[in-house]
Amino acid sequence: MTRHSLAKDKIRVLFLEGVHQSAVEEFRRNGYTQIEQLKVALDEAELIEKIQGVHILGIRSRTRITDKVLAAANRLLTIGCFCIGTNQVSLNTARKAGIPVFNAPYSNTRSVAELVIGEIIMLLRRIPEKSRACHDGAWDKSATNSFELRGKTLGLVGYGHIGTQLSVLAEAMGMKVRFFDIEKKLALGNAQPCATLEELLGVADVVSLHVPSTPQTKNMFGAEQVKAMKPGSYLINASRGSVVDIDALAQGLKSGHLLGAAIDVFPKEPASNGEEFVSPLRGLENVILTPHIGGSTQEAQENIGLEVAEKLIKYSDNGSTVGAVNFVEVSLPVKAGGTRFLHIHSNVPGVLRKVNEVFSQSELNISAQYLQTDPEVGFVVVDVEGAVDETAVLQQLQEIDGTIRVRFLY
Ligand SMILES: NC(=O)C1=CN([C@@H]2O[C@H](COP(=O)(O)OP(=O)(O)OC[C@H]3O[C@@H](n4cnc5c(N)ncnc54)[C@H](O)[C@@H]3O)[C@@H](O)[C@H]2O)C=CC1
Ligand SMILES: O=C(O)CCC(=O)C(=O)O
């Protein structure tokens with residue numbers, strides 16, 4: 001039987017925002033019983049209260065894990081973002097507190113790419129307003145400003161997991177693809193890179209944004225970029241609301257410079273399904289507005305649930321940090337016997353020596369040791385064979401200057 005320093009039925013797991021049942025089942029399959037599920041996101045004050053005693057927290061993109069929430073988290077071992085973006089978590093503070101954060105970098109990318117393909121067709125055919133008109137009893141059978149996508153140029157800003165899949169799908173449908181990325185990227189199919197964003201904006205009939213939320217991408221698409229787009233072109237944003245200056249976009253649409261837009265993410269998104277969605281884009285012609293559902297398909301959510309749950313369980317059971325977005329990655333073999341100590345510390349000189357002294361002074365036989373450091377945080381894992389007074393070792397490790405947290409698995 002695998003035993004743990006904290007019995008699994010004492011480990012409290014909290015899932016917010018309707019994390020998929022596949023995650024819950026994976027935790028149950030692995031022996032976890034204390035799992036609480038909420039459908040909603042919590043605001044900072046609610047989370048500060050709710051997080052007390054929680055060891056493993058699972059969220060999606062709405063819940064903000066701020067410095068204050070992390071300071072209040074008295075038992076938190078790890079956080080799982082059941083999505084791609086991790087900008088909702090104060091990653092640096094979590095890292096310094098010894099809390100690895102995991103996400104699912106691939107599982108919903110196909111869903112986003114498919115949605116964007118659908119939106120390109122809908123926008124070029126002006127389906128939003130034609131459908132609305134039919135619902136209202138009108139019959140507008142005109143081809144004005146309706147186009148095929150064949151032969152048009154798709155400009156991808158960000159050529160990562162989503163951008164590249166879109167590139168392949170769009171070419172298969174007869175579009176030309178250009179892309180701009182800050183990193184050198186392998187161009188798939190016949191896609192061609194642009195040296196600058198301006199170059200891309202000057203040639204694209206449809207611009208689709210697929211960059212992460214970073215300080216550099218904040219408002220990277222403003223009045224100047226809207227103006228630089230071709231007259232009669234379209235903008236799609238299914239990345240993050242912080243990337244586009246929404247007022248500048250509204251202006252570009254109202255002036256007729258842009259013929260349409262499809263926007264899935266917004267600078268301010270309602271915290272729950274009941275809250276009113278407020279945006280200057282509401283009511284504009286040929287604008288598809290969706291409530292941040294780019295990755296919301298059954299397939300994606302089920303896969304994400306499983307993928308992130310596996311990473312969280314591996315860390316909780318085994319200490320492995322592979323896939324962590326804010327933490328040094330240590331790939332650990334499953335432990336067959338003995339005791340495994342996990343020591344997270346500030347990366348200051350002498351800590352590793354003191355850790356080793358604890359084991360040598362206790363005359364313990366170290367069978368394996370793993371160490372990874374970043375400039376500020378170190379993570380050392382020590383496997384020990386034979387009989388061990390775990391509590392005594394734990395206490396000595398905790399007393400080492402610079403220790404952030406210590407755990408043992410046995
Ligand atoms: N609407 C939704 O439901 C979803 C939204 N997303 C968002 O989409 C974003 C992109 O997802 P992936 O393609 O999987 O990410 P990725 O990390 O695979 O690709 C992002 C690409 O953007 C590039 N990039 C970064 N900064 C840039 C800049 N300033 N200019 C140009 N390129 C830049 C990177 O080099 C990278 O190639 C995610 O970070 C997330 O915020 C992801 C999934 C679902
Ligand atoms: O499904 C979600 O909650 C958010 C999806 C998303 O934006 C992401 O994966 O980054």
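What to note about this one:
- The listed residue being assigned by TED's automatic domain parsing to the domain that holds residue 126, within 16 Å of ligand 2 (Cβ to nearest atom), more than 24 Å from residue 182 (Cα to Cα) and among the small types (Gly, Ala, Ser), out of 271, 238: 271
- Search result, residues across segment 288-319 that are among the hydrophobic types (A, V, I, L, M, F, W, C) and more than 16 Å from ligand 1 (Cβ to nearest atom): 306, 309, 312, 313
- Looking across segment 318-330, just one residue is farther than 20 Å from residue 85 by Cβ, of a type in the set (Gly, Ala, Ser) and under 21 Å from the mean Cα position of the chain (by Cα), and that is 320.
- Scanning segment 111-121 for residues that are without any contact (Cβ under 8 Å) to a residue 40 or more places away in the chain and either part of a loop (DSSP other than H, G, I, E, B) or more than 10 Å from ligand 1 (Cβ to nearest atom) (or both) turns up at least one hit.
- Filter pass, residue 280 being assigned to a loop (DSSP other than H, G, I, E, B), touching a Pro at 6+ places or on another chain (Cβ under 9 Å), under 29 Å from residue 18 (Cα atoms) and not aliphatic (A, V, I, L, M): no
- Residue within segment 133-155 that is more than 16 Å from ligand 2 (Cβ to nearest atom), under 33 Å from the mean Cα position of the chain (by Cα) and surrounded by 21 or more Cβ atoms within 10 Å (Cβ to Cβ) present: yes
- Tally, over segment 176-215, of residues that are more than 10 Å from ligand 1 (Cβ to nearest atom), surrounded by 23 or more Cβ atoms within 10 Å (Cβ to Cβ) and part of a loop (DSSP other than H, G, I, E, B): 2
- Being within 26 Å of the chain's Cα centre (by Cα) and more than 19 Å from residue 122 (Cα to Cα) holds for only one residue in 248, 238, 271, and it is 271.
- The lone exception for residue 159 - which of (1) surrounded by fewer than 24 Cβ atoms within 10 Å (Cβ to Cβ); (2) touching a residue at least 40 places away in the same chain (Cβ under 8 Å); (3) assigned to a loop (DSSP other than H, G, I, E, B) it fails: (1)
- Number of positions in segment 398-410 that are buried (at least 17 other Cβ atoms within 10 Å of the Cβ) and among the hydroxyl-bearing types (Ser, Thr, Tyr): 1
- Hits in segment 377-397 - residues which are surrounded by 13 or more Cβ atoms within 10 Å (Cβ to Cβ) and of a type outside the set (A, V, I, L, M): 378, 379, 383, 385, 390, 396
- Test set (1) within 15 Å of ligand 2 (Cβ to nearest atom); (2) of a type outside the set (Phe, Trp, Tyr); (3) closer than 23 Å to residue 121 by Cβ - residue 285 fails condition number: (1)
- Which numbered condition residue 304 misses (of (1) out of contact with any Ser or Thr (no Cβ under 8 Å at 6 or more places or on another chain); (2) of a type in the set (Val, Ile, Thr); (3) part of a helix (DSSP H, G or I)): (1)
- Residue in segment 222-237 that is assigned to a loop (DSSP other than H, G, I, E, B), touching an Asp or Glu at 6+ places or on another chain (Cβ under 6 Å) and within 16 Å of ligand 1 (Cβ to nearest atom) present: yes
- Checked against (1) free of Cβ contacts under 8 Å to residues at least 40 places away in the same chain; (2) exposed (fewer than 14 other Cβ atoms within 10 Å of the Cβ); (3) away from ligand 2 (no atom under 16 Å from the Cβ), residue 337 passes all but a single condition, namely (1).
- Here 196, 144 are screened, and the one residue that is farther than 30 Å from residue 87 by Cβ and hydroxyl-bearing (Ser, Thr, Tyr) is 144.
- Yes/no for residue 171 being more than 8 Å from ligand 1 (Cβ to nearest atom) and out of contact with any helix residue (DSSP H, G or I) (no Cβ under 9 Å at 6 or more places or on another chain): yes
- Checked against the criteria, residue 275 counts as at pLDDT below 95, more than 12 Å from ligand 1 (Cβ to nearest atom) and over 23 Å from residue 149 (Cα atoms).
The values are calculated or read from the model by the stated rules, or taken from the named source; none is laboratory data. Not measured: the values here are computed from a predicted model. Neighbour counts are summed over all protein chains in view; Cβ atoms, including those assigned to glycine, are modelled from backbone coordinates with ideal geometry.
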